[in-house]
1. Are any residues in segment B:108-160 over 24 Å from B:F192 (Cα atoms) and polar (S, T, N, Q), and if so, which ones?
2. In segment A:25-47, what count of residues is obtained for those that are small (G, A, S) and at the interface with chain B (Cβ under 7 Å from one of its Cβ atoms)?
3. Which one is farthest from the other protein chains (Cβ to nearest Cβ), of the residues in segment B:142-161 that are surrounded by fewer than 24 Cβ atoms within 10 Å (Cβ to Cβ) and closer than 21 Å to B:V240 by Cβ?
4. When only residues in segment B:314-340 that are closer than 14 Å to B:H245 by Cα and outside any helix (DSSP H, G or I) count, which is farthest from the other protein chains (Cβ to nearest Cβ)?
5. Under 7 Å by Cβ, and 6 or more places apart or on different chains, what pairs join a residue from segment B:176-203 that is of a type in the set (D, E) with one that is crowded, with 24+ Cβ neighbours inside 10 Å?
6. Identify all residues within segment B:222-258 that are over 17 Å from B:T204 (Cα atoms), more than 8 Å from chain A (Cβ to nearest Cβ) and free of Cβ contacts under 8 Å to residues at least 40 places away in the same chain; write none if there are none.
7. Working carefully through the options B:S93, B:S86, B:S71, find the one that is more than 14 Å from chain A (Cβ to nearest Cβ) and in contact with a Lys or Arg (Cβ under 9 Å, 6 or more places away or on another chain).
8. Name the residues in segment B:202-219 that are more than 8 Å from chain A (Cβ to nearest Cβ) and not hydroxyl-bearing (S, T, Y), would you?
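The values are calculated or read from the model by the stated rules, or taken from the named source; none is laboratory data. Small disclaimer: the values here were computed from a predicted structure and weren't measured. Using ideal geometry, Cβ is built from the backbone for each residue, glycine included, and neighbour counts are taken over all protein chains shown.
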Amino acid sequence: MKKENQQHDEDRKDEDLVSGIKIEHNKVPKLLVAVFYVVAIWAIGYAIFMPGKLEVEPEAAPQDNKGELIFTGTCLNCHATGAAPDLKGVTDRLKEEDIKNVIKNGRNTMPAIGHLYTDKEIDKVYEFLEDYR
Amino acid sequence: MFTDEKWSSSKNWFIAAVIWIIIGMSMGLLTAAKQIWPDLLNNRWTTYGHIRSAHVMLVIYAWLSMAYVGSMFYMIPKLAKTKIYSEKLGNFSLVFYNIVILEGFFALLDGQTSVIEYGEFPLWVDVQLLIAIVIVAYNLFKTVGQRTEKMLYVSLWYFLGSLLWLPLTWIVGNFPAQWIPSGVQQGLMGWFLGHNAIGLWMTTVGVGQIYYLLPKLTGRPLYSHQLSMIGFWAIATFYVWNGPHHLMNGPIPSWISKAGVIPSIVLLIPVWAVLANFWGTMKGSWAQTRTNVPLRFTMAGTIFYLFACLQGPLQALPSVSSVIKFTHWTVGHAHMGPFGAFSFTSFAAIYYILPKIVGREMFSKKAMEAHFWFSTVGFLVFAFSLWIAGVVQGFAWIEGVPFLQTVLMMEPYVQGRAIGGTMMYVAQFFLAWNMYKTIKVAKQEKKQQALHQAVTA
């Protein structure tokens, strides 16, 4: 009985009264302390070892089908619809220089698109046209 | 001109807040409806961009902030065991604040914006809003200054901290960001405001409210002084660093990126400390939530707070962010803190404080129940639609599904969101009606009492 009272008194000592609200002094739960430590260790590890961003792989080998991509993405918008002549076997009908010149500077109703591509890309388009028949 | 009546400023801030939640959420509902019928109300004033930013600014700076100020005008004098420094100034600041919000609202509808999320008002409104906030803060600091209770209760730490942090983040986010013309720096400063408006104003005042309400509503002592210390100082230390995680995987230096990720995860410490404290206090009182609606609102708020703060840190990780960024998920997450957690605690604060001010309990308990269930179920429908949508959308983008197809895939989820949103919106009418009735009936009762006294005397 006496012991119980003592216990009770000790509990009471552990209470503050602020603005009419009682505040106990319970210990921080052990699980929570463990979580705090894990988070702290993780934070230090992340700061030291991680890049902080997703690592983006450098672009794979230069695209081998660039010529085809430009051809289907740009040329065929007109040359497959009947709005402009069919390009099958065009390399037999025109010289390499002339074809590249038409791509760069346009002809009749075809607009100049040279400013959109590098010389290398236009070479690729020509290479593709050689096999397009 | 402005009344000096005791508790009048607290009551009036609450009334204004509830009017604004109806206006602000109707903007949100219109936004959701426009995702279903894109041509709905498509005119100069109410295009999608205008309405969406008006919704965000109104629910945060009009509804939630006014509800916060309303509860602080009651809780702070109670905790300081004094009366408010100046009720007149409180009522003046309310009128001024509302004029500024109206200006900002029309500026946004007019198409003026500073393009900073959570800080969309143009500069001329920002300056005035800052003045209004400072007047409120001055009044409340003066109140604490004349306190008769020597110790400061936990809620007061949070309130006073928030009243300092809000103007500071407002200044950093709004002013230099509009003068610095370049992209990344501007984005970082904008997100300093964007995330700290959430973390050092919405969260901290909301947590302060719960610290006040819990012991009062349950009649139980606060669980642990030590946990409140850990929670307060950890959030005050780490929260400011959270802004950069909004630009994750973007063109920011990787050290800034890391400086944003780490504190985001470290936030688990204050969040769990605070929640352990709340739930420790609740031990043995959970059954009360069956009948006590304000307490149920508070506890539902703490649960949503936990879930918001499990999502948040994970979303800050670069790998998770790469899937859910720019998807509907973010919208679901962004509603959980401001609506699920802290609007709920503000509802609880209104239901606890208003009866004490008018001297009569809330008019209808059924309306309170309806308010709770429509809000909760509506929010869950709303949020889960968006979360599922976000994950589907994120992975579809990674798979390279054509964009238009991913838009069509979202149809059922966008509809689900609108249905949930409608329920959340309807819920607020129960609150507004209940408040109106309570205040009106209380006035009548007082009149009758006075009459009765006059007759018997």
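1. Residues satisfying the conditions are B:N139, B:T143, B:Q146, B:T148, B:S155.
2. The number of residues fulfilling the criteria is 2.
3. Ranking the candidates gives B:G161 first.
4. Step by step, filter segment B:314-340, then rank; the result is B:F326.
5. Between residues of segment B:176-203 that are of a type in the set (D, E) and residues that are crowded, with 24+ Cβ neighbours inside 10 Å, there is no close pair.
6. Scanning segment B:222-258 gives a single hit, B:P253.
7. One residue alone meets the criteria, B:S86.
8. Passing the criteria: B:M202, B:V205, B:G206, B:V207, B:G208, B:Q209, B:I210, B:L213, B:L214, B:L217, B:G219.
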